[in-house]
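Nothing in this text is a laboratory measurement; each read-out follows from the coordinates by a stated rule. Everything numeric here is computed off the predicted structure, so don't read it as measured data. FYI the Cβ positions are ideal-geometry reconstructions off the backbone, even for glycines, and counts take in every protein chain you see.
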Amino acid sequence: MKHTVVGVDIAKHVFQLYWVDIDTGEIFNKKLSRDKFLEHFANRSPCLIGMEACGGAQHWARELIKQGHEVRIIPAQKVRPFVIGNKNDAADARGIWHAVQQPGMRFVSVKTEDAQATLALHRMREQLVTMRTMQINALRGLLSEYGEVMAIKRAGLRKGIAQALQRLSERLPAMLIDTLREQWARIGMLDAEIATIEQRLQAWFAQSQACQTIAAIRGIGLLSATAVVATMGDPKAFKSGREFAAWLGLVPRQKGTGGRVQLLGISKRGDVYVRTMLIHAARAAYRHLKEDTGWAVDLRKRRPPNVAIVAMANKMARTIWALLAHDRQYDVNHVSRPPCEVVAA
């Protein structure tokens, strides 16, 4: 049975729907309020619903799936080429309707609430780390204005901050010294908040068999394992490990014409955070390469460090997909072989 395709443009309070009746060919362009949205689809036969990846898309996708509909979430940059004319809700809904039917379109996986909660913890941790870095750099800059230059890294700042403030207190106003001490205490509070989030991620890690499976890969730790598993969703949504690596932007961009193809740097498409986590994991593994690690050692001899690290991240992504898609345990000595060709009798 062929389902009706519906393009949905999501907003905070107003939802725009676009679809074509498969029997009559009549075009519908309908606006609904937030409280009428699910009610509209509850009274319809199963549809293929396309929506743009934006705030609330995951929530609405889960609710629509409960009603028996098929939902596909499309990255915003993939929808834009199909929006014709001026940008408005009706044009966006029509563009989504066109985009969801394109062959070869890569969709965002619909995540469970547990997986989305894990990613929310990652986002909040990342924000706190950014704030901590800003506070540390600001404190270093302020101290350097008065001749106190701290050693590099947080350990150097932690070691020398007390003596620096003591020296400065002899010649600067007390109100400034107190404020600098408060800023240093604020950095400690951010450290505590980050540690608390990591403890919560550790609890989720302990309950996830998928996380523990891929953590056996050299370089993969708590943060990278939980981020990859929560972002990937169903590994069988990808045809191969290479497709998963391409989805993360860890494969070369291509530029070519007339049959001549030039390979460039990595595409950097997909989830920036997960790609960053895998590259950090590969960098950690790169620093501890041993002579018995085969191709990675050879690669280090032939290519610059960053090129080798990204290549290792690419292989990590493929290995992760293979372990989760085929429900296997990691074997460091495993040799990948192509499927045997069936020879016709």
- Projected-area average for region 171-230 over all orientations - Cα convex hull basis, square nanometres: 5.8
- Message: Once you order the gyration tensor axes a ≥ b ≥ c over the Cα atoms, which shape class does region 28-90 get: rounded for a/c under 1.5, otherwise prolate or oblate by comparing a/b with b/c?
- Response: prolate
- Message: If I model a spin label at Ala237 and Leu38 as a point 7 Å from the Cα along the Cα→Cβ vector, what separation in nanometres do I get?
- Response: 2.1
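Given the chain, what percent of its DSSP beta bridges are antiparallel, to the nearest 5?
Numbers: 17 of 27 bridges.
That works out to approximately 65 percent antiparallel.
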- Task: Treating only the Cβ atoms of Lys and Arg (+1) and Asp and Glu (-1) as charged, compute the dipole magnitude of region 210-325 about its Cα centre; round to the nearest 20 debye.
- Result: 480
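Looking at region 1-98, which trypsin sites (Lys or Arg not before Pro) are DSSP coil and have at most 11 other C-beta atoms within 10 Å of their C-beta?
On the way: sites: Lys2, Lys12, Lys30, Lys31, Arg34, Lys36, Arg44, Arg62, Lys66, Arg72, Lys78, Lys87, Arg94; in loops: Lys2, Lys12, Arg44, Lys87.
Taking region 1-98 and a limit of 11 other Cβ atoms within 10 Å, the loop trypsin sites (Lys or Arg not before Pro) found are Lys2, Lys12, Lys87.
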- Rg followed by Dmax, in Å, when region 155-254 is reduced to its Cα trace: 22.3, 67
- Query: Which of Lys2/Lys239; Lys12/Lys236; Lys30/Lys66; Lys268/Lys301 have a Cα-Cα distance over 29 Å?
  - Reply: Lys12/Lys236
- Expressed in nm², what is the orientationally averaged projection area of the convex hull enclosing the Cα positions of region 113-207? 6.9
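Compute the projected area of the convex hull of the Cα atoms of region 11-132, averaged over all viewing directions, and report it in nm² to one decimal place.
Values: hull surface 37.7 nm².
Projected over every direction and averaged, the Cα hull of region 11-132 covers 9.4 nm².
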- Cα-only Debye scattering, region 93-133: base-10 log of I(q)/I(0) at q = 0.15, 0.27, 0.33 Å⁻¹: -0.62, -0.86, -1.03
- Item | For Ile74, residues with placed amide H under 5 Å, excluding near neighbours | Met51, Glu52, Ala53, Val108
- Place +1 on the Cβ of every Lys and Arg and -1 on the Cβ of every Asp and Glu in region 113-207, take the dipole about the Cα centre, and give the residue among Leu128, Ala115, Trp204 whose Cα lies farthest towards its positive end. Leu128
- Query: For Cα Rg over 2.2 N^0.38 Å, the listed values are [x] 1.04; [y] 1.20; [z] 1.27; which was obtained by calculation from the structure presented?
  - Reply: [z]
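Please give the charge dipole size of the chain, origin at the Cα centre, charges +1 on K and R Cβ atoms and -1 on D and E Cβ atoms. Round to the nearest 20 debye.
1220
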